[in-house]
Structures are given as C-alpha cells and as structure tokens.
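Below is one structure, written out as structure tokens; comments come after it.
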C-alpha cells in the first residue's frame with residue numbers, strides 16, 4: 001500500500017488548479033505526476049512517487065552512505081552463529 | 001532501475017547478514033510496522049538469513065487489512081447506489097465485505113473503477129458532473145497527502161460530485177498501543193520509511209524515550225531492511241534507545257513540510273477502529289470543517305450492521321506481534337487469501353497472506 005517508486009523528472013508544468021504537475025520517467029515508462037510536494041525538484045532529479053504524487057526528492061549523497069557502510073561491515077563479518085535457515 | 005536494483009543485490013544483503021551474526025549475543029524481538037516491508041522480508045528470505053536469536057514479528061501496517069469490515073460494507077452499499085461511480089486503489093476493491101466485495105458489485109453492473117491516483121478520480125468527477133464519483137480513501141500518512149491534494153484540486157475546481165469515504169490511519173498511535181500492552185514482546189522497531197518521508201521523525205522521539213526503545217526508520221528494498229535490522233540490533237546490544245534513520249535518501253528528520261502543511265488544512269485526527277485490534281484513540285484522520293462537504297459518510301446515509309469477526313481468528317494478537325500466523329488454528333485451512341477470515345489475510349501485504357504466499361507454514 002505504501003509502495004513508493006523512484007523515477008526521474010523529465011518535465012515540469014504548472015497545472016490550471018495551481019498544483020505543479022510534471023512528467024516522471026520510471027525506467028523509460030513515463031507518467032504524469034503531481035510535483036506540488038517537491039518544489040525543490042528540477043528536471044533530471046530523482047523523486048519518490050506514491051499514487052501519482054512525488055513525496056520526496058531522493059538525496060544522492062545520502063544514498064551513497066550505504067555503500068560506504070557496507071565496506072566496514074565486510075570487515076566485521078567474522079564468526080557465524082546458526083541461522084533460521086540452518087535450523088529449518 | 002536506479003535506486004531499486006542495487007538495493008536488491010543478494011551479495012550485499014548476505015554481507016550485512018554476516019555482520020549481524022557477528023553482532024548478536026542475546027535474543028531480541030523486532031517488529032516492522034509496514035506491510036510492504038513484511039512482504040519484502042518474506043519474499044527475499046531475510047527472516048531466514050538472520051541468527052536464531054533474532055525474531056521478527058509483524059506490525060499492523062497494512063491499511064487495507066485494518067479497515068473495519070463495517071466500513072467495507074458501507075462502501076459496498078454506496079457503490080450499489082444508482083448514479084454513483086465508486087473508485088479506489090486496486091487492493092481495496094478485492095477485500096471481502098460481509099456479503100460482497102467491491103469487484104462483485106462491478107460484476108453485477110455497478111460502476112466500480114480502480115484508479116492509480118486519487119487525481120484520476122478528480123478528473124473523472126470533472127468529466128462526469130452528473131454522477132457522484134466517490135473515492136474510498138485508505139492508507140497511512142504516506143497516502144494522505146495524495147488524498148489531501150485531490151481534495152484541494154476538487155475544491156479549486158468547485159466540484160460538488162467528489163465525495164470521499166475517509167478511512168485514514170496513523171502509525172504512531174498504533175505503535176503506542178502495541179508498546180503499552182503488558183504482554184508486549186517488541187524490543188525494537190523498524191519504522192515505515194515512506195510514512196516518515198512525509199511526517200519526519202519528530203513523532204517517534206517521545207515514543208523511543210518513553211519506552212526506551214530503538215526505532216530505526218527503514219526503507220523497503222531487501223538491503224534497506226537488512227541494514228535497518230542491523231542498526232536496531234546494534235542499538236539494542238549497546239543498550240541505546242532513540243530514533244535513527246536508515247532510509248536517509250528519502251527521509252529527513254523534518255519530513256515533507258509542504259505535504260504536512262496541506263495535511264493540517266484537510267485532516268484532523270480522530271479515534272478510529274482498526275480491524276482485529278479495536279478503537280485506538282486519535283489514530284485516524286477525518287476531514288476538517290472546511291472540507292466536510294466532501295465527506296461521503298455524511299452525504300450517503302447508509303445503514304450497516306456491526307459485522308462480527310470469526311472467533312477462531314487471532315488477528316489481534318498477530319497485528320500486535322504477540323503471535324505468528326502459524327500459531328493460528330485456521331491459518332492455511334479455513335483461512336486463505338481466497339477466503340480470508342481476518343485482517344492479516346485480506347491483502348497480500350498482511351502478515352498471514354505473506355506467510356501463506358511464501359510458504360512459512
């Protein structure tokens with residue numbers, strides 16, 4: 001239900017009722033999306049879309065933090081205790 | 001797709017799982033709130049990659065599941081009226097009421113339509129001024145801004161034929177209901193990433209402090225979930241509580257301010273019944289006086305009988321993390337996704353339906 005899909009803003013328009021609309025591409029499939037909640041989004045930015053509304057601009061710098069964290073975790077993974085899959 | 005595929009890499013997920021095995025020394029029970037997260041945990045076998053010491057229980061975060069049976073009956077009664085075009089999201093149309101689901105109303109000649117966005121329903125109302133285009137609004141804080149946006153558009157367009165049946169629910173009061181139970185087993189929460197994308201984290205700080213519990217705002221892809229679980233377990237092992245954000249590419253502590261502003265104009269909190277749990281104070285949204293004229297519950301006077309849930313169903317315990325689907329005598333026997341007896345089996349995101357689909361019997 002709370003599914004959010006990342007897509008890239010390809011166009012920004014003004015709507016007749018004063019809510020910013022635009023076109024967002026989801027891996028090549030484009031859709032008309034309301035951009036009223038992401039006034040900072042520019043063409044080329046990635047946004048998170050839920051039921052026709054962009055609810056967040058995706059922060060690329062924060063997105064990269066996970067890969068840095070993974071590097072450290074690789075060094076930590078040492079001895080292993082049994083998992084649920086081993087037990088079942 | 002960017003921001004999706006890289007978070008599904010099995011190698012990365014297993015790497016984090018390995019670091020979790022090195023980290024955990026004691027038994028811990030964690031709860032993810034959101035039904036979408038429950039689905040991903042089981043689909044990708046994340047539950048099976050965790051050490052035996054870690055138990056995942058599944059929260060009430062499937063809005064379709066927790067919509068009371070009575071409200072579905074009311075929706076069905078409205079949809080059967082002449083002159084009504086009834087619209088909602090696809091998963092809501094399949095939920096069985098006491099007698100019928102909304103798709104069966106369509107099969108019997110009713111005008112019931114699945115829409116991708118509430119704005120599609122507004123466009124429909126604009127195109128067909130002679131019909132009442134009703135929208136059945138279900139969802140958490142993630143979905144509420146879309147309903148608020150549609151209502152603002154309808155107001156600006158001067159539409160008199162866009163009634164909305166509001167059944168919005170809110171996450172923090174449900175978390176409090178779970179934590180305040182003396183039987184509560186949950187030691188750490190994965191908070192729902194998209195709810196917090198909208199609302200930020202300020203509502204969770206007092207909960208984390210009061211119950212001295214770690215709450216990690218987590219995303220929806222397998223890697224997000226495994227990292228969120230690791231962050232929660234690390235806090236527990238180190239005796240820390242508080243709110244942390246795993247899903248920082250979409251969530252900031254302040255949340256989406258323009259969305260919150262419009263939510264405050266359109267909605268006000270109200271007590272709401274949750275299917276399988278009961279009434280939770282201030283756990284839902286109702287329309288503010290300015291938008292009251294769009295309230296379908298007031299526009300259509302339909303009588304519904306209080307529907308009783310089958311006694312064998314233990315949905316309440318499952319939704320509060322006190323039991324697992326396989327603890328229920330009816331699971332997979334009398335109760336299946338085709339013929340659900342209770343809330344967590346009615347939508348694919350419910351815990352029982354997810355256990356059934358992915359063979360956790």
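The values are calculated or read from the model by the stated rules, or taken from the named source; none is laboratory data. These figures come from a predicted structure and were not determined experimentally. Counting neighbours? That spans all protein chains shown, and the Cβs are built from the backbone with ideal geometry, glycine included.
For residue B:92, only one of the following conditions fails: (1) assigned to a helix (DSSP H, G or I); (2) surrounded by fewer than 18 Cβ atoms within 10 Å (Cβ to Cβ). What is its number?
Checking residue B:92 against (1) assigned to a helix (DSSP H, G or I); (2) surrounded by fewer than 18 Cβ atoms within 10 Å (Cβ to Cβ), the one that fails is (2).
Could you please find all residues in region A:1-46 being closer than 17 Å to residue B:198 by Cβ, assigned to a strand (DSSP E or B) and touching a residue at least 24 places away in the same chain (Cβ under 8 Å)? First the steps, then the outcome.
Initial filter on region A:1-46 (closer than 17 Å to residue B:198 by Cβ): A:1-6, A:19, A:33-41.
Restricting the remaining residues to those that are assigned to a strand (DSSP E or B) gives A:5-6, A:33-34.
Passing the criteria: A:5, A:6, A:33.
Suppose we filter region B:117-147 for residues that are within 15 Å of the chain's Cα centre (by Cα) and in a loop (DSSP other than H, G, I, E, B); how many remain?
4
Select from region B:51-65 the residues that are in contact with a helix residue (DSSP H, G or I) (Cβ under 6 Å, 6 or more places away or on another chain) and buried (at least 24 other Cβ atoms within 10 Å of the Cβ) and write down the one among them that is nearest to residue B:310 (Cα to Cα).
Once the filter is applied, the top-ranked residue is B:65.
Okay, residues lined up against (1) surrounded by fewer than 23 Cβ atoms within 10 Å (Cβ to Cβ); (2) away from every other protein chain (no Cβ under 14 Å):
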| site | (1), (2) |
| --- | --- |
| B:108 | yes, yes |
| B:112 | no, yes |
| B:123 | yes, no |
| B:131 | yes, yes |
| B:153 | no, no |
| B:181 | yes, yes |
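Can you confirm whether region B:11-29 contains a residue that is modelled with pLDDT of 95 or more, more than 19 Å from residue A:66 (Cβ to Cβ) and within 20 Å of the chain's Cα centre (by Cα)?
no
Would you call residue B:210 more than 23 Å from residue A:63 (Cα to Cα) and surrounded by fewer than 15 Cβ atoms within 10 Å (Cβ to Cβ)? Before you say what the answer is, go through the steps one by one.
Values: more than 23 Å from residue A:63 (Cα to Cα): yes; surrounded by fewer than 15 Cβ atoms within 10 Å (Cβ to Cβ): yes.
Here the answer is yes, as residue B:210 does meet what is asked.
Would you confirm whether any residue within region B:188-206 is closer than 30 Å to residue B:161 by Cα, outside any loop (DSSP other than H, G, I, E, B) and away from chain A (no Cβ under 14 Å)?
There is no residue in region B:188-206 that is closer than 30 Å to residue B:161 by Cα, outside any loop (DSSP other than H, G, I, E, B) and away from chain A (no Cβ under 14 Å).
Test residue A:80 against the stated conditions and say whether it is in a loop (DSSP other than H, G, I, E, B) and either modelled with pLDDT of 95 or more or surrounded by 19 or more Cβ atoms within 10 Å (Cβ to Cβ) (or both).
Values: in a loop (DSSP other than H, G, I, E, B): yes; either modelled with pLDDT of 95 or more or surrounded by 19 or more Cβ atoms within 10 Å (Cβ to Cβ) (or both): no.
The answer is no for residue A:80.
Does residue B:149 meet the test of being crowded, with 20+ Cβ neighbours inside 10 Å and facing chain A (nearest Cβ under 10 Å)?
Values: crowded, with 20+ Cβ neighbours inside 10 Å: yes; facing chain A (nearest Cβ under 10 Å): yes.
Yes.
Of the conditions (1) touching a helix residue (DSSP H, G or I) at 6+ places or on another chain (Cβ under 6 Å); (2) without any contact (Cβ under 8 Å) to a residue 60 or more places away in the chain, residue B:179 clears all except one; give me its number.
(1)
Could you list, in sequence order, all residues of region A:40-68 that are at the interface with chain B (Cβ under 7 Å from one of its Cβ atoms) and either at pLDDT below 90 or out of contact with any strand residue (DSSP E or B) (no Cβ under 7 Å at 6 or more places or on another chain) (or both)? It would help to see each step written out before you state the result.
Here is the first cut: in region A:40-68, the residues at the interface with chain B (Cβ under 7 Å from one of its Cβ atoms) are A:46, A:48, A:50-53, A:55-56, A:58-59, A:62-63, A:65-66.
Across region A:40-68, the qualifying residues are A:50, A:51, A:59, A:62, A:63, A:65, A:66.
Exactly one condition in (1) surrounded by fewer than 19 Cβ atoms within 10 Å (Cβ to Cβ); (2) under 16 Å from the mean Cα position of the chain (by Cα); (3) modelled with pLDDT of 95 or more is false for residue B:278; which is it?
(3)
Count, please, the residues in region B:33-74 that happen to be closer than 12 Å to residue B:358 by Cβ and within 8 Å of chain A (Cβ to nearest Cβ). If you could, list the steps in order and put the result at the bottom.
Residues of region B:33-74 closer than 12 Å to residue B:358 by Cβ: B:38-48.
From the residues that got through so far, the ones that are within 8 Å of chain A (Cβ to nearest Cβ) too are B:45, B:47-48.
Within region B:33-74, residues that are closer than 12 Å to residue B:358 by Cβ and within 8 Å of chain A (Cβ to nearest Cβ) number 3.
Looking only at region B:117-137, count every residue that is within 18 Å of residue B:148 (Cβ to Cβ) and without any contact (Cβ under 8 Å) to a residue 12 or more places away in the chain and tell me the total.
1
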